[in-house]
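S.K.: Could you have a look at this structure, given as structure tokens, before my questions?
Bear in mind these aren't lab numbers, they're just calculated from the coordinates by the rules spelled out. On a predicted model such as this, the values are computed, not experimentally measured, just so you know. Using ideal geometry, Cβ is built from the backbone for each residue, glycine included, and neighbour counts are taken over all protein chains shown.
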Amino acid sequence: MSERKVIPLCIPYLHGNELAYVTKCIEDNWVSSVGAYVDKFEDRFGARLGFPRAVATVNGTAALHIALKVAGVGVGDLVIVSDLTFIAPANAIRHLGAEPVFIDAEPNHWQMDVAQLGFYLETACERRGGGAFDKASGKRIAAIVPVHILGHPVDMDPLMVLAQDFAIPVIEDATESLGAQYLGQQVGTHGDASCFSFNGNKLITTGGGGMIASMNEDFLNTAKHLTTQAKQAGTEYIHDEVGYNYRLVNVLAAMGVAQLEQLDGFVEKKRAIAKTYRAAFATIPGITAQAEADWASSADWLFSARIDQDAFGMDSRALILGLKACGIESRPLWQPMHLSPAHAGALFIGTGVSKALFESVVSLPCSVGLTAGEQNTVIGAIKDLAGG
Ligand SMILES: *Cc1c(COP(=O)(O)O)cnc(C)c1O
């Protein structure tokens, strides 16, 4: 009996120069934390965003940790972050001894609700000595971390106006939205710095890896210093502060260079997959794709749709189980951060949109290598399951 083939949610596509570049690292004996591919990956990734370079890290969480530290986040500070997100940015805030303030999602594109952010800053915060402070706790607001979830941008223009008005640095979590655009400008180029991830399910992957991007050279130099144990240049082992070993190794950077070469094609494929799902779902009641804003070009990293239990005939979790029985992988969104036991007690600003999305949204198979036949199978299974 042959094993039934499962259609996976989102797996890597490694059919470019990955093997050739990794092989070169091994042939040249340059496999570790310095090497030509690390420099190449940093230069080319930076150039992709219009910056002179970027700083590679061991993963996206480390990138966030370091970027927040360079932005000045420290013990006792508050950092504003999206409530509906994978947990990494909230954890990075805690790693620095700071506390997150969670901002609800908006119902249309599911991103940080900038109106709620404005409400919090205008009503609960005050400007003092060139910074912003939460009036109730007296704590400093050290940064804002908009998380561009699922490939779609946050509404950055009004967010940047608020950030500038309150003199708060912005560190973008662009880990899920490489290749997306906001009003024609690439996501990850609006804030003081932005962070990316090359985890296995991200748009481009190095197995594990991350990147800090910024147009500010000093920011990047400090970030590089901190990721290399804060070791001073030269042959002596002199470290001017407590640093981290957060570097990406040459073998993985080699994969990154090869993946980056294919980025435009990957985005095109993701957008085509989303377009096909959207067209199909227009005729199935109770399933609604994440909407693309008219100011956005989504990278459609992880295609997701909202299930209306009454209209569809079952809830999101029943759909996930139904698809699983058909050999199709799907999954729910993340538990909103204000409900996470890991971050209990943190401030939450919102009305419960993130919770409603958490309960109703399902992410569907959307690998770059997904075939038309496989996508038809997924759509057919959803049609069969609809109506209970
Ligand atoms: C993937 C991801 C990260 C970084 O994850 P790593 O696994 O550490 O590379 C950070 N934030 C969000 C929103 C993510 O989805």
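S.K.: Using a ≥ b ≥ c from the Cα gyration tensor of the chain (square roots of the eigenvalues), is it rounded, prolate or oblate, where a/c under 1.5 gives rounded and otherwise the larger of a/b and b/c decides, a/b for prolate?
M.R.: Oblate, because a/c is 1.5 or more while a/b does not exceed b/c.
S.K.: Here is a follow-up. Under a Cβ-Cβ cut-off of 12 Å, what is the net charge of the residues other than Q164 that fall near it, where Lys and Arg count +1 and Asp and Glu count -1?
M.R.: -2
S.K.: Of V145, L49, T377, which is farthest on the positive side of the dipole of the chain, counting Cα position, with +1 on Lys and Arg Cβ, -1 on Asp and Glu Cβ, and the Cα centre as origin?
M.R.: Result: T377, furthest along the dipole toward the positive end.
S.K.: Separate question: Place a +1 charge on the Cβ of each Lys and Arg in the chain and a -1 charge on the Cβ of each Asp and Glu, then give the dipole magnitude about the Cα centre in debye, rounded to the nearest 20.
M.R.: Dipole magnitude for the chain comes out near 640 debye.
S.K.: Need the list of aspartates and glutamates near K69 for cross-linking: C-alpha distance under 19 angstrom, and skip anything on the same chain fewer than eight residues off.
M.R.: Those aspartates and glutamates meeting the cut-off are D77, E99, E172, D173, D192, E217, D218, D240, E241.
S.K.: Given the options A36, F133, P100, identify the residue whose Cα lies farthest towards the positive end of the charge dipole of the range 1-148 (+1 on Cβ of Lys, Arg; -1 on Cβ of Asp, Glu).
M.R.: Farthest along the dipole direction, towards plus: A36.
S.K.: With charges only on Cβ, +1 for K and R and -1 for D and E, what is the dipole size of the range 173-320 about its Cα centre, in debye, rounded to 20?
M.R.: Roughly 520 debye for the range 173-320.
S.K.: Based solely on its DSSP helices, what 222 nm [θ] is calculated for the chain when runs of n ≥ 4 H residues each add -39,500 (n - 2.57) and the sum is averaged over all residues, nearest 500 deg cm²/dmol?
M.R.: After summing the helix terms and dividing by the residues of the chain, the value is -11000 deg cm²/dmol.
S.K.: Within the range 230-314, list the GluC sites (Glu not before Pro) lying in a DSSP loop whose Cβ has at most 10 other Cβ atoms in a 10 Å radius.
M.R.: E236, E241
S.K.: Taking H as built 1.01 Å from N, whose amide H comes closer than 5 Å to the amide H of R331, not counting residues under 5 places away?
M.R.: Answer set, sorted by chain and number: S363.
S.K.: Starting from the coordinates of the alpha-carbon atoms of the range 332-388, obtain the Kirkwood hydrodynamic radius over all distinct pairs and give the value in Å to one decimal.
M.R.: 14.2 Å
S.K.: So between L339 and A115, what do we pick up on full extension, going 0.36 nm a residue minus the alpha carbon distance?
M.R.: So the extension gain works out to 78.5 nm.
S.K.: Follow-up. Shape verdict for the range 215-355, please, from the Cα gyration tensor: rounded (a/c under 1.5), prolate (a/b greater than b/c) or oblate.
M.R.: Prolate shape, in that a/c is at least 1.5 and a/b is the bigger ratio.
S.K.: Choose one of Q290, M156, F303: the residue whose Cα lies farthest towards the positive end of the charge dipole of the chain (beta-carbon charges +1 Lys, Arg; -1 Asp, Glu; about the Cα centre).
M.R.: Positive-end residue among those listed: F303.
S.K.: Taking every DSSP beta bridge with both residues inside the chain, roughly what % is antiparallel (nearest 5)?
M.R.: Close to 60 percent.
S.K.: Between the DSSP loop rule and a limit of at most 11 other Cβ atoms within 10 Å, which chymotrypsin sites (Phe, Trp or Tyr not before Pro) in the range 237-316 are left?
M.R.: Of the chymotrypsin sites (Phe, Trp or Tyr not before Pro), the ones in loops of the range 237-316 whose Cβ has at most 11 other Cβ atoms within 10 Å are Y237.
S.K.: Now for a separate question. Beyond 18 Å between alpha-carbons counts as too far, so tell me which of K202/K270; K40/K224; K202/K269; K202/K224; K202/K355 fall in that bin.
M.R.: Listed pairs above 18 Å: K202/K224; K202/K355.
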